[in-house]
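To start, the structure itself, in structure tokens.
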Amino acid sequence: MKKVVLAYSGGLDTSCCVKWLQDKGFEVVCFSANLGSEFSPAEIKRKAKASGIKKIYVQDLQQEFAEDYILPALKANAVYEAKYVLSTALGRPLIAKYLVDIAHKENAEYVAHGCTGKGNDQVRIDTTVKILDPKLKIIAPLREWELTSRESEIAYAKKNKIEISTTKEKIYSIDQNIWGISIEGGMMEDLANAPDEKAYVLTKGIDKTPSKPDYVEIEFEKGIPIKLNNKKMSFLSMIEALNKIAGKHGIGRTDLVEDRTVGIKSREIYEAPAAWVLLQAHRELESAVLDKDTLHFKEIVGLRYSQLAYQGLWFSRLRKSLEAFVDMTQEKVSGSVKLKLYKANIVVAQRKSKHSLYRKELATYGEEDQFNREDAKGFIEIFSLPYRER
Ligand code: ARG
């Protein structure tokens, strides 16, 4: 019997995938990963069993996701089209890597997933699988089957006695992990509509946020966040804690009309409270400790890095090379940044680093000024020379 390893969530799409693959004569092995959504291993196992699945791998990958995928992206300040912290995008290569590993362990020739034929996720998962093992065959039932609408899938599920759960997911398509939530579909497909307040999961609307601010102090060591308010903690725990605090203050909502890899423009609403706090803290520290050239070049690198991550080219030579560059720049990115969280705003309260290149005696307009204004005149003469010649 042909064997396939399916990335399985227990939702409508992948539940229909199980049945469809079985009907095509496959033995289906399932793989479910927890990257930080509402996730119940027992529930997933129960559903899989009810679908006639004999073997399922359920793995909590939050730690690995935080350390090996989110952290490098944070160091690079990777943000796509200015508004998307790449939460969904960063999770896909990790899932694909496990699909490949499990396929090898199971001696399966095939892997499968429930991504649609219009989105980025199929590109990310397929490309990662092809990079890691070009011989594996990939099946994406949603690209092939005749069930082209949600309604037809529900009808198929009913006909085949597949359990359908009723959640918010029915109105909107939601993807959640510890780095953020992506929400699309429904009334938000119309650009004339403001986001639906009810769609948000992690953040409060400004009118519901506290009237007193919270302060968070984040300490970094070589670009890695190590302490929150003076308490040492893992990167994963820090993200969890910041999602709560910043979410309460309505921080981290964005609304983006974005360019998908397949060429379509789509509209997505994002919530990423911890991500925006950490990204800002990291940038604030870099602004003090990196020299001008490194900082400016790193911005270009970050932009390219975000595009590679978005397109699912995580395991590409270029992305890894950029990571090596970024790591080199982080050598002196140690110190702490205190931020005030208030009414959906992040305000810098303090920056501290023993590697800071900021010199008050050079910057000041006060008495202690040590900058030589005389030098400026000559510098400007030479600096402007090519423009004057033109
Ligand atoms: N647009 C985002 C991306 O391509 C999220 C995709 C999944 N979104 C969703 N609502 N299910 O990374």
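The values are calculated or read from the model by the stated rules, or taken from the named source; none is laboratory data. Remember, predicted model here, so these are calculated numbers, not experimental data. Glycine gets a Cβ as well: all are built from the backbone with ideal geometry, and neighbour counts include every protein chain shown. SASA here: full protein model, heavy atoms, side chains in, ligands and nucleic acids out. Shrake-Rupley method; radii C 1.70, N 1.55, O 1.52, S 1.80 Å.
Apply the a/c threshold of 1.5 to the C-alpha gyration tensor of the chain and tell me whether it is rounded, prolate or oblate. Judged from the Cα gyration tensor, the chain comes out prolate (a/c at least 1.5, a/b above b/c). The mean accessible area for residues of the chain, using a 1.4 Å probe and ignoring ligands and nucleic acids, is 52 Å² per residue.
Pairs of lysine residues in the stretch 151-206 that meet both criteria, 8 or more places apart or on different chains and Cα atoms under 18 Å apart, total 4. Packing around the peptides 304-315, 140-151, taken as the average count of other Cβ atoms within 10 Å per residue, puts them in this order, highest first: 304-315, 140-151.
Here the scattering of the stretch 305-390 is modelled by Debye summation over its C-alpha atoms, one equal scatterer each and no solvent; at q = 0.11, 0.16, 0.21, 0.26 Å⁻¹ the log10 of I(q)/I(0) is -0.74, -0.99, -0.98, -1.15. In percent, rounded to a whole number, the relative contact order of the stretch 166-289 is 28, using alpha-carbon pairs under 8 Å and six or more apart.
To put it simply, the accessible area of the chain at a 1.4 Å probe is 52 percent carbon and sulfur.
Just so you know, the Cα atoms of the stretch 222-368 work out to an Rg and Dmax of 17.4, 59 Å. Counting only the Cα atoms, the stretch 1-69 fills a convex hull of 90 Å³ per residue. Taking the DSSP beta bridges with both ends in the chain, the antiparallel portion is around 65 percent.
Please identify, among Gln280, Gln370, Gln62, the residue showing maximal mean-square fluctuation in a Gaussian network model of the chain using a 10 angstrom Cα cutoff. Top of the fluctuation ranking is Gln370. Relative protection proxy for 327-340, 119-132, 193-206, from highest mean packing down: 119-132, 327-340, 193-206 (other beta-carbon atoms within 10 angstrom).
In the stretch 3-119, Cα pairs under 8 Å separated by at least six residues give a relative contact order of 37 percent. Convex hull volume of the C-alpha atoms in the stretch 51-193, normalised per residue: 148 Å³. Across every pair of non-identical alpha carbons in the stretch 141-234, the mean reciprocal distance, once inverted, gives a Kirkwood radius of 17.8 Å. Taking Arg317, Arg359, Arg253 as the candidate residues, the one with maximal mean-square fluctuation in a Gaussian network model of the chain, Cα springs under 10 Å, is Arg359. Non-local lysine pairs in the stretch 262-390, meaning eight or more places apart or on different chains, with alpha-carbon distances under 25 Å, amount to 27.
What percent do you get for the relative contact order of the chain when only Cα pairs under 8 Å and 6+ apart count?
Result for the chain is 18 percent.
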